[in-house]
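**Q** Provided herewith is a single structure, encoded as structure tokens, for subsequent inquiry.
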């Protein structure tokens, strides 16, 4: 993961430099969103497999 790239993207929309705490918070929220998306995809795939087995 390129932290400097993420920091630059955050700072492009901010009025001041982004703190390390803010950077880690944004990354943490993104990881949680990815986890939720993976759970949703897994549920959908399980349903497709069940429907295909019928």
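Each value in this text was obtained by applying a stated rule to the coordinates, not by laboratory testing. On a predicted model such as this, the values are computed, not experimentally measured, just so you know. No Cβ is skipped: glycine too gets one built from the backbone with ideal geometry, and neighbour counts run over all protein chains shown.
**Q** Helix 3-12 sits at what angle to the longest principal axis of the chain, using alpha carbons and giving 0 to 90 degrees rounded to 10?
**A** Once rounded, one gets 70 degrees.
**Q** Peptides 10-22, 42-54: what's the order by average Cβ count within 10 Å, highest mean first?
**A** 10-22, 42-54
**Q** Convert 20 °C to kelvin, take the viscosity as 1.002 mPa s, use the Kirkwood radius over C-alpha pairs of the chain as Rh, and evaluate the Stokes-Einstein diffusion coefficient in µm²/s, rounded to a whole number.
**A** In µm²/s, the coefficient is 158.
**Q** Within segment 1-16, list the residues whose amide N lies under 18 Å from a label point set 7 Å along Cα→Cβ of residue 22.
**A** Within reach of a label on residue 22: 3-16.
**Q** If you line up the long axis of helix 20-53 against the longest principal axis of the chain, both from Cα atoms, how many degrees apart are they, to the nearest 10?
**A** Between the helix axis and the principal axis of the chain, the angle is about 10 degrees.
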